[in-house]
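These notes concern the structure reproduced below.
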Amino acid sequence: MPNLFPVFSTPQTVEEVNETKNKNAFKPSVYFDEQLGDFRRNGAGRLQTSTGYEAWVQWCINTMQTERYAYLGYSKNYGVEIERAFLKTDRAVIEALIQQTIEEALLADPAKRTQVVTDFTFEWKSDSVLVGCTITSVSGDKANIDVMLGGAA
């Protein structure tokens, strides 16, 4: 006898699809502590994991601090071209090149987590510069990042 009450699944709404997509964009990872220069461990000596958001922020910081083409462990699509920027003599040109290379590097995220990079600030210290920016993820989360680049980095 056929079922008197048919059962069917309802399709996902656009919000549900976007929410699932954004959750998948932020995958957890091992937590790297910038102050220690090593992976963070708990009291038992086991590696600690970071949330997906923290992993994305750590990826952004590492990308901004890694010179493109300098390390064979990274693909040619990873990192920034800071050395090329510091070959110029005018600070305004250097700042524009730094901004451009950081934006390109962060927007080239293979996981497509970064939506926009804005609000660049530059604080010069002799032969290096403290670069600050605001990075917005595809889910709307924002991170303010400051990275020292150049000679004393």
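Before moving on, here are some points about what is shown:
- Cut-off 11 Å between beta-carbons: net charge of the residues surrounding G132, Lys and Arg +1, Asp and Glu -1: -3
- Assuming charge only on the beta carbon of Lys and Arg (+1) and of Asp and Glu (-1), the dipole of segment 24-78 about its Cα centre is about 200 debye to the nearest 20.
- Estimated distance in nm for a label pair at D141 and L87, the labels positioned 7 Å out from Cα along Cα-to-Cβ: 3.7
- Surrounding net charge for V116, when Lys and Arg each add one and Asp and Glu each subtract one, Cβ distance under 13 Å: -2
- Rg/Rh, computed from the Cα trace of the chain with Rh as the Kirkwood radius, has the value 1.15.
- When the chain is described by a simple charge dipole with +1 on each Lys and Arg Cβ and -1 on each Asp and Glu Cβ, the residue from L97, C60, P110 located farthest towards its positive end is P110.
- Taking every protein chain into account, the accessible area of the chain amounts to 67 square angstrom per residue (probe 1.4 Å).
- The chain - percent of accessible surface contributed by carbon and sulfur, probe 1.4 Å: 53
- Evaluated with a Cβ-only charge set (Lys, Arg +1; Asp, Glu -1), the chain carries a dipole of roughly 480 debye about its Cα centre, given to the nearest 20.
- For the chain, the 222 nm mean residue ellipticity estimated from helices alone, with every DSSP H stretch of n ≥ 4 adding -39500 (n - 2.57) and the total spread over all residues, rounds to -9500 deg cm²/dmol.
The values are calculated or read from the model by the stated rules, or taken from the named source; none is laboratory data. Bear in mind the structure is a predicted one, so any value in this text is a computation, not a measurement. Methodologically, a virtual Cβ is constructed for each residue, glycine included, from the backbone with ideal geometry; neighbour enumeration extends over all protein chains shown. Note: areas computed on protein heavy atoms with side chains; ligands, DNA, RNA excluded. Shrake-Rupley method; radii C 1.70, N 1.55, O 1.52, S 1.80 Å.
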